[in-house]
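Let me begin by presenting the structure, written as structure tokens, before commenting on it.
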Amino acid sequence: MPKLPSVNPFSPTFGATPPLLAGRDRILDRFCEALDTGPTHPDYTLLLVGDGGTGKTALLNVLEEQAADRGWAVITASASAEPVAKRITGEALRHLDQADACHAERTSDTEDLASSESCSPCSLLTVLGELGAVMADSGKGLLVTVDELHAVDRDDVRNIEAAIQIITRRRQMPVAFVAAALPVVEDTHLDDSHATFLERCSRFRLGPLDPDETRRALREPIIKCGSAIDDDALDAAADVTRGHPYMVQLVGFHSWQMREDPGTPISVTHASAGALEAEAAMVDQIARPIWKRLSPMDRRFLVAMLPGNPDSSLADVATRLGRSVQYARVYRRRLVAAGAISPSENGGVRFLHHAVRVRAEAAQRQQ
């Protein structure tokens, strides 16, 4: 009896690592090169910027795996109620506790940090410095990652920046740093005149996958699981994703699920039905949160874009709003930062996600 295909290989869950991280080879290669080279490599401190669903957290997961595979210590943190600098300090202290060579040399000042309620730049600096020295002695290193950096308190970010700047860039210790954030970070933490470290980090903007990588991200996990997808179904599935990494996972997952017989290839019928399910999920999971954060004028701007397909000129949008082009530029910048639209090549604007267009159409019908 032939072996039936295994469980669905796709992972349409935010933060989950996909079965194939397509289209990110350049980033992975450069980061691995940075780990092997040391603090003098420009990509040793790295900032990943991308809209929701572009795979920032998934890429962070893989970068952490690359460091762990080299025997490095890894500290991960994300925006939360607890200050991120305090969390990093606590994780570093735990790593120090596990390092026998360092344990006997721990100073009373460092141990006092574990129970301290505050987390000053000095305390974080001290602990990271000690752990960095331990890792250097072992011929390894430390990777610190921060997810959702855009949502971290500004003073908290300044504390982290100050410590990493001194440890990594000035003292040249083996402490690498990677953070991930939404594009709004460019108007907040990257625009902070009191902390310029993030501006000097290498920066990768995560955008849509190209058509070939999109097909690869759909096809290879299916084949690896012992199943198949028809060529026309693959084309249809890839086209509807528009290269959006999270949409790739949604379409792949639902197309796989649409088959009554798991032993049959995925057909155009399966892919089309899967696309409908994926579009509905994108409206709920991507467009709805974006829409909730927008002001009334932001929403009016999006509705004014609807006659354009796919692009709208800024002048046309301004005319429909009854405002000047200069006024419209302000809202274009706001909506790009919010992850709702993107600039087009001709100077106009387009919806970043089809799901946002669907949400704007719903708002127009309610007017």
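Working only within segment 324-348, note down all residues that are touching a Pro at 6+ places or on another chain (Cβ under 6 Å) and modelled with pLDDT of 90 or more.
none
Quick check on my filter: what residues within segment 42-101 are under 16 Å from Val144 (Cα atoms), of a type in the set (Gly, Ala, Ser) and in a helix (DSSP H, G or I)?
Once the filter is applied, which keeps residues that are under 16 Å from Val144 (Cα atoms), of a type in the set (Gly, Ala, Ser) and in a helix (DSSP H, G or I), segment 42-101 yields Ala58, Ala67, Ala68, Ala85, Gly90, Ala92.
Determine, yes or no, whether Asp231 is outside the structural domain of His353 (by TED's automatic domain parsing) and either touching a helix residue (DSSP H, G or I) at 6+ places or on another chain (Cβ under 8 Å) or touching a residue at least 12 places away in the same chain (Cβ under 8 Å) (or both).
no
Being under 20 Å from Asp51 (Cβ atoms) and small (Gly, Ala, Ser) is the filter here; which residues of segment 184-203 pass it?
Ser202
Can you report the number of residues in segment 167-195 which are outside any helix (DSSP H, G or I) and touching a helix residue (DSSP H, G or I) at 6+ places or on another chain (Cβ under 8 Å)?
Result for segment 167-195: 15.
For Asp29, all conditions in the list (1) touching a residue at least 12 places away in the same chain (Cβ under 8 Å); (2) farther than 26 Å from Ala92 by Cβ; (3) in the same structural domain as Ile166 (by TED's automatic domain parsing) hold save one; what is the number of the exception?
All conditions are met except number (1).
Which is modelled with pLDDT of 85 or more and either of a type in the set (D, E, K, R) or under 25 Å from Gly274 (Cα atoms) (or both), of Ser11, Ser6?
Just one listed residue meets the conditions, Ser11.
For (1) under 21 Å from the mean Cα position of the chain (by Cα); (2) assigned by TED's automatic domain parsing to the domain that holds His254; (3) not β-branched (Val, Ile, Thr), each residue gets a yes or a no:
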position: Ala278; (1), (2), (3): yes, yes, yes
position: Arg299; (1), (2), (3): no, no, yes
position: Leu302; (1), (2), (3): no, no, yes
position: Gly308; (1), (2), (3): no, no, yes
position: Asp316; (1), (2), (3): no, no, yes
position: Arg334; (1), (2), (3): yes, no, yes
position: Ala338; (1), (2), (3): yes, no, yes
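Under the condition of being touching an Asp or Glu at 6+ places or on another chain (Cβ under 6 Å) and among the hydrophobic types (A, V, I, L, M, F, W, C), which residue from segment 15-59 is farthest from Ser202 (Cα to Cα)?
Leu20
Please indicate, with yes or no, whether at least one residue in segment 240-257 is assigned by TED's automatic domain parsing to the domain that holds Asp284, crowded, with 18+ Cβ neighbours inside 10 Å, hydrophobic (A, V, I, L, M, F, W, C) and not in a helix (DSSP H, G or I).
Checked against the condition, which is being assigned by TED's automatic domain parsing to the domain that holds Asp284, crowded, with 18+ Cβ neighbours inside 10 Å, hydrophobic (A, V, I, L, M, F, W, C) and not in a helix (DSSP H, G or I), segment 240-257 yields no hits at all.
Does Ser312 qualify as being among the polar types (S, T, N, Q), at pLDDT 90 or above, surrounded by 14 or more Cβ atoms within 10 Å (Cβ to Cβ) and out of contact with any helix residue (DSSP H, G or I) (no Cβ under 7 Å at 6 or more places or on another chain)?
Yes, satisfied.
The values are calculated or read from the model by the stated rules, or taken from the named source; none is laboratory data. These numbers come from a predicted model, not from an experiment. So basically every Cβ, Gly included, is an ideal-geometry build from the backbone, and we count neighbours across all protein chains shown.
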